[in-house]
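K.L.:
My questions will all concern the structure given below.
The values are calculated or read from the model by the stated rules, or taken from the named source; none is laboratory data. In this text, all values refer to a predicted model and were calculated from it rather than measured experimentally. All Cβ positions, even for glycine, are placed from backbone atoms using ideal geometry, and neighbour counts span all protein chains on display.
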Amino acid sequence: MKNSEFVKDQQKEKVFLVIVDYKKDKRGLDCWSAEETLEEMKDLVVACGGDVVDSMICRLDGPSARYLIGEGKVEEIVGLCGVNGVDTVVFSDDLKGSQKRNLENEIKVTVIDRTQLILDIFARRATSKEGKMQVELAQLEYLLPRLTGHGVELSRLGGGIGTLGPGETKLEVDRRRIAERINRLRKNLMSVVSDRSLKRKKRKDKGAPAISLVGYTNAGKSTLLNVLTGSEQITRDGLFTTLDSLSRQLVLTNNQKVILSDTVGFMHELPHHLIESFKATLEEVQEADVLLHVVDVSHENFRHRYEAVEIVLEELKSKDKPTIVVLNKIDKLAERDGLDSLKGNYQRAVCISAKNEENIGELLEVIRKELAALFVEIDVDVPINRMDLVNIAHDEGQVYSIKYYNDKINIRAAMPSSLVGKFYLK
Ligand SMILES: Nc1nc2c(ncn2[C@@H]2O[C@H](COP(=O)(O)OP(=O)(O)OP(=O)(O)O)[C@@H](O)[C@H]2O)c(=O)[nH]1
Ligand SMILES: [Mg+2]
């Protein structure tokens, strides 16, 4: 057993991490430390099946054009990579095409950046047709501005960390063909988006409000979906286990039916291309009536992670949605004394353990109350010429039934409380 594990380890790609830390943080308010970035990068490498053999934190005044970091540091890396038999060097900051080439010329191994590493994990995890298309689009958009000439220099394509095509698809290497492929993928994804919105609309009109699970990757979103709906969504200790959205019906204590959706996890500085190309999947979040923001409260940096999720939500224009903060994994806490005051930091929060199914009843009750405050059931007769109200009911609410009579229309629906007044005509 030991032997075979040793052989397996030997086959793992050996990775050297370079964490770039600007003395004066170029991101201003961002308070992630270089050490936090290093820890997370290690997890990303593990998710790619690699093995971190060494690392270096480079504190810089600013980026240098040639190598991003200083020449002295590059020399040091060359030495350390030689000693450790490193296969791939991964930088924590995005590299320009020229910087990558200059570094590879010096270090003589493949050099990639964090974005490529994340794209690689997504490429490994994508299983659905939609997921694969989304990853490929993000990869190509990342690649296009980095190609020189005809782009044929991507010699390691198809092998090693950071060079994986999504699923079976080999990445295109010709600039013109890449541009064509990007257009085709965008078009195909657009039709996925409209298909999805149609389905969502139908679901909504059946009277079910939509709730979306959001949160940092590995926070326990899929575990919670499984507990609440009896699904069998794959869960795993690692980053980006879920890529595709999955929606399931959840029945609340008052018998109200809601649709609960699980989706891709977020991360600190999630590459913009990924958010863009995952629009189809992330629409589920944008269209939700309520968000359940799942937080792994046992993680030492959970506050930073919470903020990172908020930043992605802002990018998705969903930050102001009614949100219940689900402080998960309380079973892992050595002591729970601080939980009450922690809860007090958020407008609505519940402490649970999805794994041990602890406090799930309380969570369901908070969800029920939140929905009751958002929606009011109406059963009204409006004049026959008020088709505008029928349209509002369809667009903004959940329609149970619309009945047309000679002189009136009867509308039964659950409407956002802010719109109810429109239906009660004087
Ligand atoms: N101890 C403990 N572990 C939990 C709890 N909830 C989830 N986990 C574990 O945390 C890991 C991640 O859980 P997932 O449900 O896959 O997390 P996720 O948020 O869906 O992750 P991604 O899909 O990767 O974004 C798994 O190993 C779960 O078993 C909990 O309440 N307590
Ligand atoms: Mg998941």
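K.L.:
Which condition from (1) closer than 24 Å to E284 by Cβ; (2) at pLDDT 95 or above is the one that C351 breaks?
P.N.:
(1)
K.L.:
Which one of E357, E315 is away from ligand 1 (no atom under 15 Å from the Cβ), out of contact with any Ser or Thr (no Cβ under 8 Å at 6 or more places or on another chain), acidic (D, E) and in the same structural domain as E283 (by TED's automatic domain parsing)?
P.N.:
Step by step, each of E357, E315 is checked, and only E315 is away from ligand 1 (no atom under 15 Å from the Cβ), out of contact with any Ser or Thr (no Cβ under 8 Å at 6 or more places or on another chain), acidic (D, E) and in the same structural domain as E283 (by TED's automatic domain parsing).
K.L.:
Could you run through region 245-298 and say how many residues are away from ligand 2 (no atom under 16 Å from the Cβ), touching an Asp or Glu at 6+ places or on another chain (Cβ under 6 Å) and part of a strand (DSSP E or B)?
P.N.:
Count: 1.
K.L.:
Which residue is nearest to ligand 1 (Cβ to nearest atom), if the candidates are limited to region 215-243 and must be assigned to a helix (DSSP H, G or I) and in contact with a helix residue (DSSP H, G or I) (Cβ under 8 Å, 6 or more places away or on another chain)?
P.N.:
My answer is V227.
K.L.:
Condition (residue is in a helix (DSSP H, G or I) and of a type outside the set (A, V, I, L, M)) applied to region 397-412: is it met by at least one residue?
P.N.:
no
K.L.:
Restricting the search to region 299-348, which residues are closer than 27 Å to E283 by Cα and of a type in the set (A, V, I, L, M, F, W, C)?
P.N.:
The answer is F302, A308, V309, I311, V312, L313, L316, I324, V325, V326, L327.
K.L.:
Here's something else I'd like to know. T242 passes all but one of (1) more than 22 Å from E287 (Cβ to Cβ); (2) among the hydroxyl-bearing types (S, T, Y); (3) near ligand 2 (Cβ under 8 Å from one of its atoms); which number fails?
P.N.:
Failing condition for T242: (1).
K.L.:
Same structure, new question: Which residue pairs have Cβ atoms closer than 6 Å, lie 6 or more positions apart in sequence or on different chains, and pair a first residue in region 108-133 that is within 23 Å of D51 (Cβ to Cβ) with a second residue that is assigned to a helix (DSSP H, G or I) and polar (S, T, N, Q)?
P.N.:
L119/Q139
K.L.:
Is there a residue in region 343-353 that is touching a residue at least 60 places away in the same chain (Cβ under 8 Å) and in a loop (DSSP other than H, G, I, E, B)?
P.N.:
yes
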